[in-house]
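Participant: If you scroll down you'll find the structure; I have some questions about it.
The values are calculated or read from the model by the stated rules, or taken from the named source; none is laboratory data. Nothing here was measured: the structure is a model prediction, and the numbers come from that model. All Cβ positions, even for glycine, are placed from backbone atoms using ideal geometry, and neighbour counts span all protein chains on display. We work out accessible area using only protein heavy atoms, side chains counted, and drop any ligands, DNA or RNA first. Shrake-Rupley method; radii C 1.70, N 1.55, O 1.52, S 1.80 Å.
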Amino acid sequence: MSSTAEPEPVVRPGWTGRFYDDFSPGDVYEHPLGRTISEADNTWFTLLTMNTSQMHFNSTYAEHSEFGRPLVVSTLTVAIAVGQSVTDLTQNAFANLGWDDIRMTAPVHAGDTLWSESLVVSKRESASRPEAGIVTVRTRTINQQGTEVCSFLRTFYVHKQGASALVDVRPRPATALTAHPAPAPARPERPRPAAARNPE
């Protein structure tokens, strides 16, 4: 019976995000993940942020509006757009400096699926932080029909490649990862309790 040697493991680093050096004005990043919004998302976000507008959580009230049903709270739409962009924009950022020109250009309802994309508008060196720079992007969000529902300018501080503030905090495993895990160590047997005596 022949045995095949197990290949030597090679660690391939995952996506670590972009640094200041990687941004070029004019570049567009189509953020990869879409997000379908549920009624629960809208209700919970509204409650968590203490938003008392019944347009977001009272279906009977919203039926009498021009939309005929509840609207997704606009700050949730913005939060999803920002979250969708992190993998491409701010995974190595350490501060947001501002959001400007926020526009809500079409209604969003529970059941809509959102995607976002960002255009690099400008970048500049930081005068006070030589290992970082400042980047401004315009992000827009579209729904499943391709209709733009939101857009904004966002400016953030982002580290340069190799910045001293970048620290790898991932713990190192005590043992190597293999295709066949080592057997678990045997557990010591617990002593059995002595049989209870019947009182006389």
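Participant: Quick one: length gained pulling Asp21 to Asp100 fully straight, 0.36 nm per residue minus the C-alpha distance? Don't jump to the answer; show the numbers that get you there.
Facilitator: On the way: separation 79, 0.36 × 79 = 28.44 nm, distance 2.37 nm.
Between Asp21 and Asp100, full extension yields 26.1 nm more.
Participant: If you filter segment 1-91 for GluC sites (Glu not before Pro), then keep DSSP loop positions with at most 10 other Cβ within 10 Å, what is left?
Facilitator: Glu66
Participant: For the chain, with all protein chains present and a 1.4 Å probe, just round the carbon and sulfur fraction of the accessible area to a whole percent.
Facilitator: Heavy-atom surface of the chain belonging to carbon and sulfur, 1.4 Å probe: 55 percent.
Participant: Another question about this same structure. What number comes out for accessible area per residue over segment 98-183 if the probe is 1.4 Å? Units Å², please. Please list the in-between numbers first.
Facilitator: Values: 5190 Å² over 86 residues.
Per residue, segment 98-183 has an accessible area of 60 Å².
Participant: How much length is gained if the chain between Ala40 and Gln144 is pulled fully straight, taking 0.36 nm per residue apart and subtracting their Cα-Cα distance, in nm to one decimal?
Facilitator: In short, 35.5 nm is gained.
Participant: Starting from the Cα of Ala176, step 7 Å along the direction of its Cβ; do the same at Arg192; then give the gap between the two resulting points in nm.
Facilitator: Placing both labels 7 Å along Cα→Cβ, they lie 4.3 nm apart.
Participant: Relative contact order of the chain: what whole-number percent is it, with Cα pairs under 8 angstrom and at least 6 residues apart?
Facilitator: Result for the chain is 24 percent.
Participant: Go ahead and estimate [θ] at 222 nm for the chain from helices alone: -39,500 (n - 2.57) per DSSP H run with n ≥ 4, summed, over the residue count, rounded to 500.
Facilitator: Working: 3 runs with 27 residues, N = 200.
The per-residue figure over the chain is -4000 deg cm²/dmol.
Participant: To the nearest Å, what is the center-to-center distance of segment 53-104 and segment 131-172, using C-alpha atoms only?
Facilitator: So the two Cα centres are separated by 17 Å.
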